Amino acid sequence: MRRLTPFLAAGVMIASALAAPLLTASNASAATASYEAEASANTLAGGAVAANCTGCSAGRKVRFVGNGGTLQFNGVTAAAAGSATVAIGFVNGGTTSRTGRLSVNGGTPTSISFGTTADWSTPGSKSVTVSLRAGSNTLKFDNPSGNAPDFDKVTVTTSGGGGGGGAPTAAELLAKVTSCNQISNGKYRTDEETSATVAVCGKNGAVFWKADMDIDCDGQRTTQCNENTDCCFQNDTAFHQSDGRPLNSAVLPYVVVPSSSSIWNYRNSGIDGGSVVAVIFNNQLLYAVVGDTGPTQIIGEASYSTANTLGIDPDPSTGGTDSGVTYIVFSGARVSPIESHSAAVTLGEQLARQFIDNN
């Protein structure tokens, strides 16, 4: 199959081509996920609004919480009931601390004091411990008698756990995506020379599409991915590791989403870098993350590691497959750090089970 023309894509390799494991994360391991305050899945009421914030995650925050304004994070997942640590990313560029109340699943609010930050574009972090139930949870912030800080995101660390029904299977997920409720404004091509036939479809808690797989080999320069192995090599990815470096296509399973356009804006669906993707091919299920963006009119691309793990030829020039790949992207939650595949598997199993139960 023909590889995509270069765009903003990226992703990359290491000195040895290590395949990522299929469904091997331990249920006992901790899971960490980040939820953006401005995500469309959340509920903003009473005057609370999303606004630009240069230093914030994804460049956005939520303002005017308090004095009637409320922000509720929806779809905060836990594999099992128990305690969780919530790191609250907040912004308070004033001269005094501010108070916000946190209510979990509609329960009794707890008051939290937030100190000051350097300015209104520099987030700070405040950690609290809460009790979550298995499955989906809500975290609501307010202050009925004053101004709360602005909110950037919350990062939730849970203890993992089995989750009802065990680890989801490829068959269970495929059974939920047999019909398409199209949310894209038009369809995508799989390659430059093909016609537009692929729609982005909406489901409760996710979007999905069925397409081919081209190989994204951009990002960190490695033995497998460089200017000599890939004619269109670029040394960057749209999203970066926690240390600021581009992603590593050779070791990290990730998926490329089309750059935002009039056809579809992925962020409007609660998706961003680090969102978990269930990638299914030949009845094999692999959890990956959203790691890069590509051309605005083409869909169906993933990292070298994604292809290699699924038994697809990962060669950036001649590899890939022309059809048969299902991509299910879960909205709201994000893996932190983005480069942790084990965290993607743990969170992916939780989100997939929730997706199956709710559709």
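Considering (1) part of a strand (DSSP E or B); (2) acidic (D, E); (3) in contact with a Phe, Trp or Tyr (Cβ under 6 Å, 6 or more places away or on another chain), the lone condition that D212 does not fulfil carries the number (3). Mind checking whether some residue in segment 186-194 is assigned to a loop (DSSP other than H, G, I, E, B), without any contact (Cβ under 8 Å) to a residue 12 or more places away in the chain, in the same structural domain as A344 (by TED's automatic domain parsing) and touching a Phe, Trp or Tyr at 6+ places or on another chain (Cβ under 9 Å)? Within segment 186-194, none of the residues are assigned to a loop (DSSP other than H, G, I, E, B), without any contact (Cβ under 8 Å) to a residue 12 or more places away in the chain, in the same structural domain as A344 (by TED's automatic domain parsing) and touching a Phe, Trp or Tyr at 6+ places or on another chain (Cβ under 9 Å).
Across segment 217-258, what is the number of residues that are in contact with a helix residue (DSSP H, G or I) (Cβ under 6 Å, 6 or more places away or on another chain), closer than 13 Å to S305 by Cβ and either modelled with pLDDT of 95 or more or outside the structural domain of G291 (by TED's automatic domain parsing) (or both)? Of the residues in segment 217-258, 0 are in contact with a helix residue (DSSP H, G or I) (Cβ under 6 Å, 6 or more places away or on another chain), closer than 13 Å to S305 by Cβ and either modelled with pLDDT of 95 or more or outside the structural domain of G291 (by TED's automatic domain parsing) (or both). Checking each residue in segment 283-320 for being of a type in the set (S, T, N, Q) and over 27 Å from T229 (Cα atoms) picks out N283, Q284. Before we move on, is E339 acidic (D, E), outside any loop (DSSP other than H, G, I, E, B) and buried (at least 20 other Cβ atoms within 10 Å of the Cβ)? Spelling it out, it is not the case that E339 is acidic (D, E), outside any loop (DSSP other than H, G, I, E, B) and buried (at least 20 other Cβ atoms within 10 Å of the Cβ). Considering (1) at pLDDT 90 or above; (2) among the hydroxyl-bearing types (S, T, Y); (3) surrounded by 20 or more Cβ atoms within 10 Å (Cβ to Cβ), the lone condition that S103 does not fulfil carries the number (3). Considering A238, A302, the condition of being touching a strand residue (DSSP E or B) at 6+ places or on another chain (Cβ under 6 Å) and part of a loop (DSSP other than H, G, I, E, B) is satisfied by A238 alone.
Where strands (runs of 3 or more DSSP E) fall wholly inside segment 61-169, the ranges with 1 or more residues that are touching a residue at least 40 places away in the same chain (Cβ under 8 Å) and not assigned by TED's automatic domain parsing to the domain that holds S342 are 70-78, 82-91, 98-104, 124-132, 135-142, 150-158. Checked against the criterion of being within 17 Å of the chain's Cα centre (by Cα) and among the aliphatic types (A, V, I, L, M), segment 259-270 contains not a single residue that satisfies it.
The values are calculated or read from the model by the stated rules, or taken from the named source; none is laboratory data. These numbers were taken from a predicted model, which means no experiment stands behind them. Here the Cβ is made from the backbone with ideal geometry for all residues, glycine too, and neighbour counts use every protein chain on show.
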